[in-house]
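The values are calculated or read from the model by the stated rules, or taken from the named source; none is laboratory data. Since the structure is predicted, the reported quantities are computational estimates derived from the model, not experimental observations. Counting neighbours? That spans all protein chains shown, and the Cβs are built from the backbone with ideal geometry, glycine included.
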Amino acid sequence: MKIAVISDIHGFSLALEAVLDDIGGEPGIDLIVAAGDLCEGGPDPLGALTMLQEHDVTLIRGNTDRDLVEGVRTSAPATWVTEQLGDAGIAILASLPFDVRTAPPGGRPIEDDLLVVHANPFDEDRPIAPWASDLEVREHVGDARAAVIAFGHIHIAYQRDIDGIRLIDVSAVGNPKDEDLRSKWGLCKWDEKRRNWTTELRYVEYPLQETLAQMEASGMPKWRKAAARLQLASYRES
């Protein structure tokens with residue numbers, strides 16, 4: 001069994017297309033899961049959502065998806081995204097589950113599962129940061145049980161083991177923040193004979209110039225500021 005996990009597309013449809021093409025080059029993928037934050041932030045929110053549906057990607061909700069549905073974001077960019085999605089797009093976001101749990105063939109119930117969430121197993125907001133202490137990580141993981149927990153949210157790719165659970169942050173398709181402007185995705189492979197998962201991070205070159213042109217032509221508010229943040233690939237402002 002092979003499962004591809006992506007996250008944080010944020011409306012960057014050209015980056016999503018590149019990642020889906022890369023996943024398509026991996027033989028034997030059984031499932032693609034997108035771990036939330038699908039639409040807000042980039043130049044093509046509806047196009048990204050449509051592409052995910054056309055590729056039969058299993059979707060879960062992130063914090064921005066939730067906020068768009070609840071209408072709590074009132075900035076000009078968020079309002080523009082809501083208008084681009086329309087009622088039908090917002091309805092799709094409203095229908096998304098919190099998580100996706102996959103039981104592998106021949107595995108132990110719960111203990112050998114792959115659990116995909118947006119930020120952590122209990123909410124869409126608190127990040128499991130790569131620099132967090134073991135105590136902090138345990139607080140975020142809580143009593144959740146799985147062999148692998150895959151997530152995004154913080155846009156920084158890393159892997160870590162805690163109490164027998166593999167944590168894999170698949171970073172972001174749309175706007176990475178680990179100072180590496182390549183899109184990332186995670187490959188989770190189940191070996192039925194050995195009854196274990198192996199995980200790895202994959203990196204895809206970003207279609208930067210095409211994306212910048214798309215941002216300029218899109219009509220999205222404050223596109224220059226968004227373009228500058230994209231190119232930094234960091235939480236730094238400059």
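Taking the condition of being surrounded by 14 or more Cβ atoms within 10 Å (Cβ to Cβ) and on the phi > 0 side of the Ramachandran plot, how many residues in the range 25-43 meet it? Don't jump to the end; show me each part of the working.
At the first step, the residues of the range 25-43 found to be surrounded by 14 or more Cβ atoms within 10 Å (Cβ to Cβ) are 29, 31-43.
Remaining after also requiring on the phi > 0 side of the Ramachandran plot: 36-37, 41.
The qualifying residues number 3.
Per-residue answers, yes or no, for (1) in a helix (DSSP H, G or I); (2) among the aliphatic types (A, V, I, L, M):
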| residue | (1), (2) |
| --- | --- |
| Ala172 | no, yes |
| Ser183 | no, no |
| Cys188 | no, no |
| Leu201 | no, yes |
| Ala226 | yes, yes |
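Could you figure out which of (1) surrounded by fewer than 16 Cβ atoms within 10 Å (Cβ to Cβ); (2) in a loop (DSSP other than H, G, I, E, B) isn't true of Ile154?
Only one criterion in (1) surrounded by fewer than 16 Cβ atoms within 10 Å (Cβ to Cβ); (2) in a loop (DSSP other than H, G, I, E, B) is unmet by Ile154, namely (1).
Taking the range 201-234 as the search range and keeping residues that are among the charged types (D, E, K, R) and surrounded by 16 or more Cβ atoms within 10 Å (Cβ to Cβ), which one is modelled with the highest pLDDT?
First pass over the range 201-234, keeping only residues among the charged types (D, E, K, R): 202, 205, 210, 216, 222, 224-225, 229.
Right, trim to surrounded by 16 or more Cβ atoms within 10 Å (Cβ to Cβ) and you get 202, 229.
Working: Arg202: 98, Arg229: 95.
This residue is Arg202.
Residue under question is Ile168, and the condition is that it be crowded, with 17+ Cβ neighbours inside 10 Å and at pLDDT 95 or above; does it hold? Break it down stepwise before answering.
Working: crowded, with 17+ Cβ neighbours inside 10 Å: yes; at pLDDT 95 or above: yes.
Yes; evaluated as a whole, the condition is true for this residue.
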